[in-house]
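Remarks on the structure that follows.
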Amino acid sequence: MQDGWEVVACLREATTNVQEPIRKEGLLFKKRKWPMKGWHKLKKGKVRGRIDVGLSVVSIKKKTMCIDLDTGDSIYHLKVHTNTHTGDSIYHLKVHTHIHTSNLHVHFSKYIHLCSLIWTLKFMSKLKNPLCSYNQDVCEGPCPLLYQVSSENRGSVPESLSEFFDAKEYLLSSSSSEIEVSDNDSCLSDGSDNVSEELCDSERGTERDSSSVSVMARRSQLPSPCMGAGVNLWNILSSNIGKDLSKVAMPVQLNEPINTLQRLCEEMEYCHLLDTAAHTHDPYMRMVYVAAFAVSAYACTYTRAGGKPFNPVLGETYECERPDKGFRFISEQVSHHPPVSACHCESKNFTLWQDVRWKNKFWGKSMEIVPMGTTHIVLPRFADHYELSRVTSCIHNILSGQRWIEQYGDVTIRNTSATEDPVLCKITFLKSRSQGSSSNEVQATVTDSEGHVIHLLFGKWHEAFYLGDPSSAICLWRANPLPLNYEKYYGFTQFTIELNDLDESIRPFLPPTDTRFRPDQRLLEEGDVTGAEEQKKRIEALQRESKRIQQENNTTHTPRFFKWTEKDSWTSNGTYWELRKDPGFSKLEFPVLW
């Protein structure tokens, strides 16, 4: 959204020159099931549920004629269209939600009346008090807790000062597709063939050659517990409702001591599922294991609604070599505007690559993160090439209450190399109204080329994933137990705790751009919040200066270890591990990032 937002008092508060808005009626549409699925006309007067408008955050954007409502549990986006017929205006109200029609939790008849509020924006922009909490004594009847009005001259942080600041971005893997989510459409919302219960052991899968695995001691706990208390989120976010927060300054206390480049590596925790797929001859069962891996990638986010990863600076890198898991991984920040992180993971059984691009919006009580693009997985033994989409993530209770994270939407997995009998898998992350026993559910089907269902899958993305009917289902994957006192240590899993550990045995072999050398992230991990904030500002200043020099010299940044392909994605150029071995990174020149 290009416009700023203004928080004003409710409409019924006493003021001068107030006219009761004229009631307008028209057609009402609901967004079908998930974002970008089309509109569904609802019958006039039919009640499909209710919400308390007085406890919701209501936002209006004059330029695009949009009304957005954040109830805390769900986010509703309404759109007004006008057509002129014989001098009269006909108003068409469109709305989409992220829940099924049968569970729609809103009394739409109240929202038709909100259409008329669009035409009172000039009046509301003149209110003297820019911030008002809900007051039942002043506001009789249903009234928004907070009411936001588009304002051309209201902003949060100037782009020139904030373009290198960390932003409130909870990352999910995606791609650097050039396709943008349209603000105008409010589209925020997606080896053995025998399976046994033993596959739920997270370290099982295909056997590896133990003689080639070197044992390295790994830490079991972070140096210091979380130090993120004392931050007033409302003061930071109140002027940024409806905006993409990629350019909004955030204090270091809102971060967790892990980087986006490392966050991509987190998704490899259950890579044994890909090892198993690589040794499974049945193409439908191979798809089953790939689907289980796709679900497992979200498990580490379940306890992570309280913080955000550090945003990498341009040219930052990260490597992770895990002989015990059979893979080696590299990632690099290849672009700053838009922010894109590329990664490449390889083993003798599979190759995975993706580049991450996302868009996030704060709606008053909740924050949505919409990933864009595709994840690629190749199984060389069968020449399979799987392409995976990703789902929308939402952080609830941003400002108060217990924060919790929700994933919803569809993941579509296609084997693009299959020609005779292509296999397709569709995984649906179900929407729930609150955090409870019925939340985090996923359902999936594996179908053949004619759409016939071959396998049924179900489970919970934070817990386990099963094959078959519930009465006789077989467990494919189960999440690892969380470490002791994980709540005090950012909700990290044991695998995540190990990612930023800088072992002395590998220090001489890393490039100076590796995330583990980044001082602000290291200081936050050690509990020095003041030092981390100072280093964060210094690093951002270096980035701004680097960009200024490039602009003056009319040059652009060229990634060191990734290249842009004709398929609009970033892939490894295959040089990292060779350069690491010969001549070694200590003999090469790198830009100064911190």
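Quick note: the coordinates plus some simple rules give every number you see, no bench work behind them. Remember, it's a predicted structure, so these values are computed and weren't measured experimentally. Don't worry about glycine lacking a Cβ; one is built from the backbone with ideal geometry, like all the others, and counts go over all protein chains shown.
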- request: Report the relative contact order of the stretch 400-540, percent, no decimals, based on alpha-carbon pairs under 8 angstrom and at least 6 residues apart.
  value: 10
- prompt: By its C-alpha gyration tensor, with a ≥ b ≥ c as the square roots of the eigenvalues, how is the stretch 263-311 shaped: rounded for a/c under 1.5, else prolate for a/b larger than b/c, else oblate?
  reply: prolate
task: Convert each backbone phi in the stretch 272-286 into a coupling constant with the Karplus relation 6.51 cos²θ - 1.76 cosθ + 1.60 (shift: θ = phi - 60°), then list the ³J(HN,Hα) values in order as whole Hz, x for Gly and Pro.
output: 4, 5, 6, 4, 5, 4, 5, 10, 10, 7, 6, x, 6, 6, 4
- prompt: Could you give P(r) for the stretch 486-532, binned at 10 Å from zero, as whole percent values over all Cα-Cα pairs?
  reply: 24, 49, 26, 2
message: Considering just Cα atoms, how many Å³ per residue does the convex hull of the stretch 293-342 enclose?
response: 117
message: Past 29 Å, Cα to Cα: identify those pairs from 63/460; 488/536; 348/547, in the order given.
response: 63/460; 348/547
- prompt: Where Rh denotes the Kirkwood radius from the mean inverse Cα pair distance, what is Rg over Rh for the stretch 415-503?
  reply: 1.10
- prompt: Over the stretch 357-498, one equal point on each Cα, no solvent: what is log10 I(q)/I(0) by the Debye formula at q = 0.10, 0.12, 0.20, 0.21 Å⁻¹?
  reply: -0.45, -0.65, -1.40, -1.43
- line: Sequence order, the stretch 311-323: Karplus ³J(HN,Hα) from phi using 6.51 cos²θ - 1.76 cosθ + 1.60, θ = phi - 60°, Hz rounded, Gly and Pro as x, gives 7, x, 8, 4, x, 5, 10, 7, 10, 8, 10, 10, x
- prompt: So how do 458, 327, 509 line up by other beta-carbon neighbours within 10 Å, fewest first?
  reply: 509, 458, 327
